[in-house]
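Scroll down for the structure; my scribbles are underneath it.
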Amino acid sequence: MRNKKYIVIAIILFINTIGAIGQTKTKEELVSNFVKSVFFENKSAKFVADNYMYFEPINNSKYSMNDRIKILNKHLKKIKKEKTTFVDASNFFILPYKDYKDAKVTFTKSTQDIFILISRKNPVMYFYLVDDRILSFDYILKGDEAFFINY
């Protein structure tokens with residue numbers, strides 16, 4: 001009886017491990033799925049927030065998570081309006097910042113966690129990731145350097 005208990009536990013652990021392996025996605029896949037959700041599938045800001053975004057903790061109780069999602073929604077509408085014509089559903093891919101060798105924006109942050117959406121051989125958007133989630137996909141330029149905007 002005791003051996004059966006251990007066998008059942010081992011089987012459950014094995015099944016959970018297999019399931020976790022199947023769910024693991026690369027950072028490039030995460031960003032690619034974000035692009036599909038925003039530009040081609042018209043997913044809601046709440047869906048995007050729940051599945052792709054990383055929200056830094058803030059000490060300001062003035063902004064609830066719903067307020068932050070509303071801000072995110074405004075940014076999503078902005079990028080869809082500005083970038084949709086540049087994103088080709090059949091011709092886009094995601095590259096780590098370091099792997100793109102042509103002209104690109106210079107960032108102040110370490111570029112290790114920055115990824116670029118390339119479409120029609122041109123950089124369209126930049127993504128800054130934290131903990132395998134997107135912290136930001138929008139930036140501002142100050143002089144020759146760019147700074148990511150967080151939500």
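The values are calculated or read from the model by the stated rules, or taken from the named source; none is laboratory data. Please read these numbers as outputs of a predicted model, since none were measured by experiment. Cβ sites come from the backbone with ideal geometry, for glycine too, and all protein chains shown count toward neighbours.
Structural remarks
- Answer residue from region 104-143, given it is among the polar types (S, T, N, Q) and surrounded by 19 or more Cβ atoms within 10 Å (Cβ to Cβ) and is farthest from Ile71 (Cα to Cα) among those: Ser119
- Residue in region 45-59 that is among the aromatic types (Phe, Trp, Tyr), assigned to a helix (DSSP H, G or I) and at pLDDT 90 or above present: yes
- In the condition set (1) surrounded by 16 or more Cβ atoms within 10 Å (Cβ to Cβ); (2) among the small types (Gly, Ala, Ser); (3) in contact with a strand residue (DSSP E or B) (Cβ under 9 Å, 6 or more places away or on another chain), Ala49 is compliant with all but (3).
- Scanning region 124-151 for residues that are without any contact (Cβ under 8 Å) to a residue 40 or more places away in the chain and within 14 Å of Val31 (Cα to Cα) turns up Tyr126, Tyr128, Ser136.
- The single residue among Pro96, Pro123 that is at pLDDT 95 or above and either at positive phi or over 15 Å from the mean Cα position of the chain (by Cα) (or both) turns out to be Pro123.
- Cβ-Cβ under 6 Å pairs, at least 6 apart or on other chains, region 42-60 side closer than 14 Å to Lys70 by Cα, far side aliphatic (A, V, I, L, M) and surrounded by 11 or more Cβ atoms within 10 Å (Cβ to Cβ): Ala45/Ile69; Ala45/Leu72; Ala45/Leu76; Lys46/Ile69; Ala49/Ile69; Ala49/Leu72; Met53/Ile134
- Boolean, Lys70 is free of Cβ contacts under 8 Å to residues at least 60 places away in the same chain, in a helix (DSSP H, G or I) and closer than 14 Å to Glu28 by Cβ: no
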